[in-house]
């Protein structure tokens, strides 16, 4: 672990520090969730910023690691674009939680609608930038990387991009629940609905292919064929949970 931390900081200090700041915020948010009674849509208000903070930290560290493999890449532009866009998101989500207000799907005022739209634009720009990096991995040659590991990065980014944009389904519906209201009573911390369809499950599974596929490939599979097969199975699982959610079925009826 100490090697990973040291190497990550050497590869990309700005994203390393940004990820660290988000991880520290996640720790603060989870503590607040235990001491604060503020609720939004029937769930503790601090759980949403906790989930976003830890996800942003993991994304930042992952991309810091991957981008070090790219040649002739404007790393500074990527770093500060990500820090600005995702920094805006976590600050706004945390601020709204402190006020007991929705950050997503908030239609109570033109200002909130505009800020929610701004978050959607920020997330889309981050996804498009990640897609560009994926293109660089598909188009470039990386003789220093094992073939199976390279394919895990390529396919992990591809699934991340696909299921990141799947969030538009929730944005278009202005809801993260299908077949019922957005409310509490879901899984602890994650708050995924146990009664109705919830596209956040596919969103979560698909986006974290960015980390899971490379880790499996590099440390366990060590085979291009197994990596490709695992990516297909993983993508199928994410797609299945999405179809199930669109039918209004809860995840535990898989």
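Here, each number is a calculation from the coordinates, and none is a lab measurement. Since we're looking at a predicted model, the values are computed, not measured. When we count neighbours, we look across all protein chains shown, and the Cβ atoms used for this are built from the backbone with ideal geometry, even at glycine.
Things to note:
- Contact order normalised by residue count of the range 81-199, Cα under 8 Å, 6+ apart, percent: 18
- Arranged from fewest to most other beta-carbon atoms within 10 Å of their beta carbon, 227, 130, 108 become 108, 130, 227.
- Packing-based exposure ordering (other Cβ within 10 Å, fewest first) of 233, 115, 226: 233, 226, 115
- Relative contact order of the chain, taken over Cα pairs closer than 8 Å and 6 or more residues apart, is 17 percent.
- Summed over qualifying helices (DSSP H, 4 residues or more, each -39500 (n - 2.57)) and divided by its residue number, the chain shows a 222 nm mean residue ellipticity of -23000 deg cm²/dmol.
- The structure-derived value of percent of Cα pairs over 32 Å apart appears in the list (1) 43; (2) 23; (3) 13 under the label (2).
- Principal-axis tilt of helix 224-246 within the chain, Cα atoms, nearest 10 degrees: 10
- Take 140-150, 8-18 and order them by the average number of nearby Cβ atoms within 10 Å per residue, most first; the result is 8-18, 140-150.
- Entry note, the range 147-254: relative contact order of 39 percent, from Cα contacts under 8 Å with a spacing of 6+ residues.
- Extension gain for residue 114 to residue 141 (0.36 nm times residue separation, less C-alpha to C-alpha distance): 5.5 nm.
- Net length gained if the chain between residue 220 and residue 98 were fully extended (0.36 nm per residue, minus Cα distance): 39.7 nm
- Gaussian network model of the chain, springs between alpha carbon atoms under 10 Å - residue of 48, 195, 222 with greatest fluctuation: 222
- Of 182, 198, the sequence from fewest to most neighbouring Cβ atoms within 10 angstrom is 182, 198.
- Radius ratio Rg over Rh of the range 1-140, counting only Cα atoms, Kirkwood formula for Rh: 1.03
- Residue with peak Gaussian network fluctuation, the chain [Cα springs, cutoff 10 Å], from 162, 28, 220: 220
- The range 101-157-the range 1-28 distance, computed between alpha-carbon centres (Å): 19
- Among 77, 159, 210, residue whose mean-square fluctuation peaks in a GNM of the chain (springs only between Cα atoms under 10 Å): 77
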